[in-house]
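Chemist: Just dropping this structure here.
The values are calculated or read from the model by the stated rules, or taken from the named source; none is laboratory data. Remember, predicted model here, so these are calculated numbers, not experimental data. Virtual Cβ from ideal backbone geometry, glycine too; neighbours counted across all protein chains shown.
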Amino acid sequence: MAGVWFLGVCLWGFGLLPAPAPSHALYLGLVEITHPEGEGESSLQIKVFYDDLQSGIRAGYPKAFQPSDPESWADKNKPLIQAYFRARLLVWVNRQAVSFHLQSVSLQQDAYFMQFRIKCPAEWDLLQVKADFLMELFPDQTNVVQAAHGKQKRFGRTTSANPGLEFPF
């Protein structure tokens, strides 16, 4: 077995085999929903690798997608980012759908941090989240969801096999 591996490395080194395709080691998104108890508004933050988000937007909106460097890309594609997450991240509070509005996008190292505002009921009994963003491109994408309602916190993860979560409060 070691001989086959050595032969493969030698052939690749001499240019007789193509270089291995670069692979993305981790397909991960983070969703954080924070609701101050008794308030009619919540914050929603999403963190994803910038190249994954750009791939998702390019695939979902190929004609409107505006390529650019990572620093200015989000400003040029803000309406597409908003539309993408409205389709791929669904939130219900007390079994009623809530909408959210993109406030800002910042690039920190290799990830975009997107801040949204949610209009919602002041009191929560149940939070439901369907977070299947980027799963249409990356079947092994996992999205970790943290929800905080006042001092209560709930955690979960979504996958392509199980894209929805319910958090009772």
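Chemist: Quick test for you: out of Ser42, Ser68, pick the one residue that is hydroxyl-bearing (Ser, Thr, Tyr), surrounded by fewer than 16 Cβ atoms within 10 Å (Cβ to Cβ) and closer than 18 Å to Leu102 by Cβ.
Modeler: Details: Ser42 fails: surrounded by fewer than 16 Cβ atoms within 10 Å (Cβ to Cβ).
When all the criteria are applied, what remains is Ser68.
Chemist: Could you tell me how many of the residues in region 54-73 are in contact (Cβ under 8 Å) with a residue 40 or more places away in the chain and aliphatic (A, V, I, L, M)?
Modeler: Counting residues in region 54-73 that are in contact (Cβ under 8 Å) with a residue 40 or more places away in the chain and aliphatic (A, V, I, L, M) gives 1.
Chemist: Now for a separate question. Which residues, taken from region 47-77, are among the small types (Gly, Ala, Ser) and not in a helix (DSSP H, G or I)?
Modeler: Residues satisfying the conditions are Ala64, Ser68.
The rows are residues; the columns are (1) in contact (Cβ under 8 Å) with a residue 12 or more places away in the chain; (2) of a type outside the set (A, V, I, L, M, F, W, C); (3) farther than 25 Å from His149 by Cα.
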residue	(1), (2), (3)
Glu32	yes, yes, no
Gly40	yes, yes, no
Gln45	yes, yes, no
Asp52	yes, yes, yes
Phe85	yes, no, no
Asn94	yes, yes, no
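Chemist: Within region 23-39, how many residues turn out to be at pLDDT below 95, surrounded by fewer than 16 Cβ atoms within 10 Å (Cβ to Cβ) and in contact with a strand residue (DSSP E or B) (Cβ under 9 Å, 6 or more places away or on another chain)?
Modeler: Qualifying residue count, region 23-39: 3.
Chemist: Tell me, which residue of region 92-132 that is of a type in the set (A, V, I, L, M, F, W, C) and assigned to a loop (DSSP other than H, G, I, E, B) is surrounded by the most Cβ atoms within 10 Å (Cβ to Cβ)?
Modeler: Taking region 92-132 and keeping what is of a type in the set (A, V, I, L, M, F, W, C), we get 92-93, 97-98, 100, 102, 105, 107, 111, 113-114, 116, 118, 120, 122, 124, 126-127, 129, 131.
If we keep only those that are assigned to a loop (DSSP other than H, G, I, E, B) too, we end up with 120, 122, 124.
Details: Cys120: 23, Ala122: 12, Trp124: 19.
Filtering first and then ranking leaves Cys120.
Chemist: Provide a single number: the residues in region 158-169 that are assigned to a strand (DSSP E or B) and loosely packed, with under 15 Cβ neighbours inside 10 Å.
Modeler: First, the residues of region 158-169 that are assigned to a strand (DSSP E or B): 158, 164-168.
Those left that are additionally loosely packed, with under 15 Cβ neighbours inside 10 Å: 164, 166, 168.
Final tally of qualifying residues: 3.
Chemist: Being in a strand (DSSP E or B) and within 15 Å of Gln45 (Cα to Cα) is the filter here, so list the residues in region 133-152 that pass it.
Modeler: Matches in region 133-152: Asn143, Val144, Val145, Gln146, Ala147, Ala148, His149.
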